[in-house]
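Derivation of every value follows stated rules applied to the coordinates shown; laboratory data play no part. The shown structure was predicted, so the numbers you read here are calculated from the model rather than taken from an experiment. Neighbour counts are summed over all protein chains in view; Cβ atoms, including those assigned to glycine, are modelled from backbone coordinates with ideal geometry.
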């Protein structure tokens, strides 16, 4: 089990800035970014560092005090993630394996008991991961009294991180994984799209180590800093 908290972001890079350059060979920036944010969570144990991802259909349910705008934004994010990952991701009214609660911050611990509330968080998520790296469920909490654009940013960031990109980074100002809380992008940067595609490339399997991924995609290993 892993628990990961809010990260923040910044300006958007062009969609085609980072792309797969040729079959079985990815842009080195994309590979390094995967190693930085996709092997270990920002919080919680990482033993050993490995790829974590969904291999089954994803069913997302929205709960709490959300607006029509929040619901429309979630529909858009789900559509984009479905295209980027190739997963069957849908919004449902029951039997979800990702539950999103837009509620008061004081209610977060009700839905994520592992959160102790020591530091105030505007958004957080909890994912359940098997020992072989397969994600099977997740819970997301977002504070309901935030400005609409910040809620939209958090919906995108937290849901995307539950796909298996569990850490934040200061590396790319425009990335939704950007750690600086002064940035709140509501669109994916080019590097975000590229790293999501790479994670969900059929060649990349749950449980793979950094070395195994590097060998598969013919990329040199660059040790991630976590």
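Listed values, structure above:
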quantity	calculated
Two-site FRET efficiency, residue 171 against residue 110, from Cβ-Cβ distance with R₀ of 35 Å, rounded to 0.05	0.55
Pair-distance profile P(r), taking every C-alpha pair of the stretch 29-68, with 5 angstrom steps and integer %	5, 16, 17, 15, 15, 15, 11, 5, 0
FRET efficiency, 1/(1 + (r/R0)^6) with R0 25 Å, evaluated for residue 56 and residue 94 via beta carbons	0.90
Alpha-carbon centroid distance for the pair the stretch 148-185 / the stretch 41-98, whole angstrom	14
Label-to-label distance, nm, for residues given as residue 72 and residue 28 (7 Å Cα→Cβ offset)	4.4
Spacing of the two label points (7 Å from each Cα toward its C-beta) at residue 209 and residue 145, in nm	4.9
Cubic angstrom per residue, convex hull over Cα atoms of the stretch 2-216	110
